[in-house]
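Contents: one structure, followed by commentary.
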């Protein structure tokens, strides 16, 4: 199996276990918007059309969102790697996550490594933008997909709560994050 095959298999599994969400493979997502000299926003806002790579958009491996009036509201992005990852991968994709979060501040971002059993220390040392990571030894393991589904559902809950706070200018009494490690 190669990374592309792992990503496609993971995409298909997620479509079956998260039926109430729109899940896309290879979806482009804005990382920057500019207001030009005439006040025009460049590129066109994503509600108007899907951005193109190279036009202030990075391609995501797997995007999970909800469709609202023909617009895919991004909630969770998953970057995939196969048989491990390098320090460079963590730095690069973590930065990519931060760029996307500048446009979509409620967005949750994760790294899923296929064909691997553990998240290496380099992830924790160099991560800045990922919200979660998971190593999946076998994409056909129901138990491993069940764990991923649980993590994604928690991340979707956080994304929706952040959207609620941002959109309704809602004030909260506290905010915390729990690091669950197995």
Between helix 3-17 and the chain, what is the angle of the helix's C-alpha long axis to the longest principal axis, kept within 0 to 90° and rounded to the nearest 10?
80 degrees
Take the alpha-carbon centre of the stretch 51-118, take the same for the stretch 23-40, and report the distance between them in whole Å.
15 Å
What's the Kirkwood radius of the stretch 1-97 in Å, using all Cα pairs?
14.9 Å
Along its principal axes, what span do the Cα atoms of the chain show, with the longest given first and each in whole Å?
52, 41, 34
Contact order relative to length for the stretch 92-182, counting C-alpha pairs under 8 Å separated by 6 or more residues, stands in percent at 28 percent
Helix 142-168 sits off the longest principal axis of the Cα atoms of the chain, rounded to the nearest 10 on a 0 to 90 degree scale, by 20 degrees
Residue 1/residue 120 FRET efficiency (R0 25 Å; Cβ-Cβ; nearest 0.05)
0.80
Relative to the chain, whose Cα atoms define the longest principal axis, helix 87-103 and its Cα axis are tilted in degrees, nearest 10, by 30 degrees
Give me the one-decimal nm value for the distance between modelled label points at residue 55 and residue 102, 7 Å along each residue's Cα-to-Cβ direction.
2.0 nm
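Throughout, read-outs are computed from the coordinates displayed, never taken from laboratory work. Being a predicted model, the structure only gives us computed values, none of them experimental. Heads up, the Cβs are rebuilt from the backbone with ideal geometry, glycines too, and the neighbour counts pull from every protein chain shown.
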